[in-house]
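Scroll down for the structure; my scribbles are underneath it.
The values are calculated or read from the model by the stated rules, or taken from the named source; none is laboratory data. As the structure is a prediction and not an experimental result, all values here were calculated from the model. Backbone-built Cβ (ideal geometry, glycine too); neighbour counts: all protein chains shown. Protein only, heavy atoms only, side chains kept; ligands, DNA and RNA dropped before computing areas. Shrake-Rupley method; radii C 1.70, N 1.55, O 1.52, S 1.80 Å.
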Amino acid sequence: MPQYAVSAIGRDRPGIVAAVSRVLLEHGLNVEDSQMSILRGRFTMMLVVGSPDGVSVDAIAPALDAVRDALDLDALSFEPVTPADAEAPADPTHIVTVYGVDHPGIVAAVASALAGAEVNITDLETRLVSDDHGEDLYAMMLEVAPPGGASAADLEAALRATREEQGVEVSIRELERDAL
């Protein structure tokens, strides 16, 4: 079954999910995976949708463009995606949290250190918050899947230099399993 990525961003308001999902349903597409959030007052959505055989995808982009215009969204895209490998995706086993005074480069440094240790980032969230003195603090939380049973100590070692270079605090804990 062909798959497509749908992404949207725009000023947060009621009805964005309803309008986008209605267009997808009207054209026979199925939402297979999604993540949505509000980032700095902007609603963001990322979807992977499946298209059964025989569905005409040529009419979907113009219908989504009409939604983008009607809701005054900043962007709304609909693009084909290459099917994922048959191999199961990496299961996250640890949570990494990073805190520090905000400055450019924190995400890049942490992501690079983890990539260098062959650690897969399966989820990443960041927040910018002000402390009691008006200083901007950066908070980042990552779910990670380290290779071959690596431990929290292994992750700590991989991030040690980054922690010192970036002047951030790093904590690592095992992920508790939830059922969705």
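Would you say Ala59 is farther than 15 Å from Glu79 by Cβ, free of Cβ contacts under 8 Å to residues at least 12 places away in the same chain and either under 20 Å from the mean Cα position of the chain (by Cα) or open to solvent by 30 Å² or more (accessible area, probe 1.4 Å) (or both)? Judged against the criteria, Ala59 is not a match. For the range 131-154, residues that are in contact with a strand residue (DSSP E or B) (Cβ under 6 Å, 6 or more places away or on another chain) and either β-branched (Val, Ile, Thr) or more than 15 Å from Val98 (Cβ to Cβ) (or both) total 3. Counting only residues that are open to solvent by 70 Å² or more (accessible area, probe 1.4 Å), within 15 Å of Arg160 (Cα to Cα) and not in a helix (DSSP H, G or I), the range 110-129 holds 0 of them. You will find that of Gly28, Gly15, Gly10, Gly41, the residue that is open to solvent by less than 30 Å² (accessible area, probe 1.4 Å) and of a type outside the set (A, V, I, L, M) is Gly10 and no other.
Of all residue pairs spaced 6 or more apart or on separate chains, those with beta-carbon atoms under 8 Å, a first member in the range 77-92 that is more than 16 Å from Asp33 (Cα to Cα) and open to solvent by less than 100 Å² (accessible area, probe 1.4 Å) and a second member that is assigned to a loop (DSSP other than H, G, I, E, B) and at pLDDT 70 or above are Pro92/Leu175.
Kindly list, by first and then second residue, each pair from a residue in the range 112-125 that is over 29 Å from Met36 (Cβ atoms) to a residue that is open to solvent by 70 Å² or more (accessible area, probe 1.4 Å), limited to pairs with Cβ atoms under 9 Å and residues at least 6 apart or on different chains. Hits for this filter: Ala117/Asp154; Glu118/Gly148. Selection of the range 62-109 for residues being touching a Pro at 6+ places or on another chain (Cβ under 7 Å), under 30 Å from Ala139 (Cα atoms) and not in a loop (DSSP other than H, G, I, E, B) yields only His94. When residues in the range 147-180 are screened for being open to solvent by 90 Å² or more (accessible area, probe 1.4 Å) and aliphatic (A, V, I, L, M), 2 of them pass.
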